[in-house]
Amino acid sequence: MTDPQGDSPAPDPSPAPDSTSATDSGTLAVTVGLPWTLGVTLRPSVTIDGVSRSHTAGRNTYAVAPGRHTVACAVSTGGGEFGAATHEVDVEAGRTAEVFYAAPMSARDPGRIGSSPQEPYRGGLSRTAIGVVIGILGLFMVWVVIAGFLVLGR
């Protein structure tokens with residue numbers, strides 16, 4: 001015997017009250033730029049309004065509600081997270097808001113984030129100059145030691 005078809009209620013064609021249609025949402029595009037590293041794999045993290053999102057290096061797009069959103073980005077190497085930076089962005093319905101993040105070259109440097117393409121923080125000339133001076137002083141000390149052995153060895 002078969003069950004009567006009229007006993008089950010018909011599905012409601014109206015959308016759920018908390019869902020948004022495509023025209024009611026906007027898009028947030030986050031472009032993650034990673035520096036070239038030698039043998040070190042940097043893993044980016046993207047957080048929108050405190051919620052971690054799936055992400056990769058390059059351009060990532062997320063459907064979000066219109067309004068102001070806080071985007072936070074950082075990178076990690078397994079030993080900890082560094083280069084954290086946050087940016088507030090306004091997203092309009094049906095439009096795409098762009099955010100660009102540049103990871104730093106070193107764990108001591110800050111990451112850079114904004115609405116226009118960002119260059120990674122490279123530490124400036126002072127760090128390079130200090131490294132060159134220390135290298136020259138080290139070579140001089142080695143030369144003095146070798147010269148001392150040559151002079152005293154006779």
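For Ala72, are the conditions met, namely being in contact with a Gly (Cβ under 9 Å, 6 or more places away or on another chain) and surrounded by fewer than 18 Cβ atoms within 10 Å (Cβ to Cβ)? The answer is no for Ala72. Determine if region 119-130 includes at least one residue that is loosely packed, with under 12 Cβ neighbours inside 10 Å, within 16 Å of Gly33 (Cβ to Cβ) and not hydroxyl-bearing (Ser, Thr, Tyr). Checking region 119-130: at least one residue is loosely packed, with under 12 Cβ neighbours inside 10 Å, within 16 Å of Gly33 (Cβ to Cβ) and not hydroxyl-bearing (Ser, Thr, Tyr).
With respect to the conditions (1) at pLDDT 90 or above; (2) among the charged types (D, E, K, R); (3) surrounded by 16 or more Cβ atoms within 10 Å (Cβ to Cβ), Asp109 falls short on a single one, namely (1). Working only within region 58-69, note down all residues that are open to solvent by 40 Å² or more (accessible area, probe 1.4 Å) and assigned to a strand (DSSP E or B). Arg59, Thr61, Ala63, Arg68 - these are the residues of region 58-69 that are open to solvent by 40 Å² or more (accessible area, probe 1.4 Å) and assigned to a strand (DSSP E or B).
Selection of region 20-41 for residues being assigned to a loop (DSSP other than H, G, I, E, B) and at pLDDT below 85 yields Thr20, Ser21, Pro35, Trp36, Thr37, Leu38, Gly39, Val40, Thr41.
The values are calculated or read from the model by the stated rules, or taken from the named source; none is laboratory data. What you see is a predicted model; the values in this text were computed from it and never measured. In this analysis, Cβ positions are derived from the backbone assuming ideal geometry, glycine residues included, and neighbour counts consider all displayed protein chains. To get the accessible areas, we keep the full protein, side chains included, count just its heavy atoms, and leave off ligands, DNA and RNA. Shrake-Rupley method; radii C 1.70, N 1.55, O 1.52, S 1.80 Å.
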